[in-house]
Amino acid sequence: MRDFIKEVIGRKFIMDWGMKNRLSRIIKPKDGRTVMLAVDHGYFMGPTTGLEKFDEMVNPLLPYADALMLTRGALRNYISPDVDIPIILRVSGGTSIIGKELLHEGIIVSMEDAIRLNVSAVAFSILVGAEFERDTLLGLTQVVDEAERYGIPVLAVTAVGRDMAKDVKYLSLASRMAAELGAHMVKTYYCENFGKVVETCPVPVVIAGGKKQPEKDALKMAYNAIQDGASGVDMGRNIFQSECPVGMIKAVRAIIHENATPDEAYQIFEEEKNK
Ligand code: R5P
């Protein structure tokens, strides 16, 4: 009996190896933090400001990112296969910014294609509290089931509808639900009392940047999120719409991995901008 248990545990360990390895490529084991660069916006926004010439914008940022979050079309058309960066592939979508149900997303990529693309994780958006929440939650669980079969982690994105509040009550509800439904990482928004979102969510939480704001404010937000226990950022527009995207990602990186203060990070941004 004991040998049987040992064998089962041993087998489980081997099966978990790929999942753990992929996660540790994204969330760096030395400090448990990550700088994800989110450039998946085209899946519902088309040629988003800053990403019109995708490769020209994104390639110079890659040395400062721990992981790249994007769509399969962007990956195949703009990113060279010999690039050394973990890929987080968006696998939910199907609606657009001009459509009627912006966030009523379904599965848009098969797990087979995700594996073919050698991704380190897949990302799926849920919309808790909307009329169609059940569709997005069942989509998430289906993706978790399929991804776990191959040891691929799932990043759940807690989308927020236009008329919904991005407050601690809502974001902790959505983040905890995502984790309970099987997500291995959660991406949500920063809010007041953000510590509660992190404390009540059993998996690593990263924050989205949201709409472009002045660089100093975005850096303060990233800093506060880290102080409140976030594992990092999955930031897009506040980096690629900045007047100096390389300076901005370097500054964000200093906050995430070097415990820089917002002022120190802003100085890094300014120095790069004035080069
Ligand atoms: C959200 O559903 C998508 O993943 C966005 O592309 C991502 O949140 C964008 O990041 P940011 O808000 O920092 O531009």
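The values are calculated or read from the model by the stated rules, or taken from the named source; none is laboratory data. Note that this is a predicted model, so its numbers are computed, not measured. As a convention, Cβ positions derive from the backbone with ideal geometry for all residues, glycine included, and neighbour counts pool all protein chains shown.
Quick notes on this one:
- Residue tally, condition out of contact with any strand residue (DSSP E or B) (no Cβ under 8 Å at 6 or more places or on another chain) and either part of a loop (DSSP other than H, G, I, E, B) or within 16 Å of the ligand (Cβ to nearest atom) (or both), over region 170-193: 4
- Here residue 242 meets each of (1) of a type in the set (Gly, Ala, Ser); (2) outside any helix (DSSP H, G or I); (3) under 17 Å from the mean Cα position of the chain (by Cα) with one exception, condition (3).
- Region 205-215, residues that are closer than 17 Å to residue 37 by Cβ and away from the ligand (no atom under 13 Å from the Cβ): 215
- Among the residues of region 75-115, those identified as of a type in the set (D, E, K, R) and either out of contact with any Ser or Thr (no Cβ under 6 Å at 6 or more places or on another chain) or at pLDDT below 85 (or both) are 76, 82, 84, 100, 101, 112, 113.
- Every pair of residues 6+ apart whose Cβ atoms lie under 8 Å, when the first sits in region 85-104 and is within 27 Å of residue 118 (Cβ to Cβ) while the second is at pLDDT below 95 and assigned to a loop (DSSP other than H, G, I, E, B): 92/105; 93/105; 94/104; 94/105
Okay, residues lined up against (1) in contact with a helix residue (DSSP H, G or I) (Cβ under 7 Å, 6 or more places away or on another chain); (2) more than 18 Å from residue 89 (Cα to Cα); (3) in contact (Cβ under 8 Å) with a residue 40 or more places away in the chain; (4) not basic (Lys, Arg):
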site	(1), (2), (3), (4)
141	no, no, yes, yes
161	no, yes, yes, yes
165	no, yes, no, yes
171	yes, yes, no, yes
183	yes, no, yes, yes
187	no, no, yes, no
202	yes, yes, no, yes
207	yes, no, no, yes
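- Candidates in region 217-232 are the residues that are in contact with a helix residue (DSSP H, G or I) (Cβ under 8 Å, 6 or more places away or on another chain) and touching a residue at least 60 places away in the same chain (Cβ under 8 Å); of these, the one that is surrounded by the fewest Cβ atoms within 10 Å (Cβ to Cβ) is 226.
- Looking at 57, 45, 36, just one residue is modelled with pLDDT under 95 and within 16 Å of the ligand (Cβ to nearest atom), and that residue is 45.
- Extreme residue, nearest to the ligand (Cβ to nearest atom), among residues of region 138-169 that are within 13 Å of residue 127 (Cβ to Cβ) and modelled with pLDDT of 95 or more: 157
- Residue 214 being surrounded by fewer than 18 Cβ atoms within 10 Å (Cβ to Cβ) and modelled with pLDDT of 95 or more: yes
- Residues (within 11 Å of the ligand (Cβ to nearest atom) and not in a helix (DSSP H, G or I)) located in region 216-239: 233, 234, 235, 236
- The residues of region 94-114 that are under 24 Å from residue 204 (Cα atoms) and either among the charged types (D, E, K, R) or surrounded by fewer than 17 Cβ atoms within 10 Å (Cβ to Cβ) (or both), listed by number, are 105, 106.
- Of all residues in region 115-134 being surrounded by fewer than 16 Cβ atoms within 10 Å (Cβ to Cβ) and charged (D, E, K, R), the one that is farthest from residue 94 (Cα to Cα): 116
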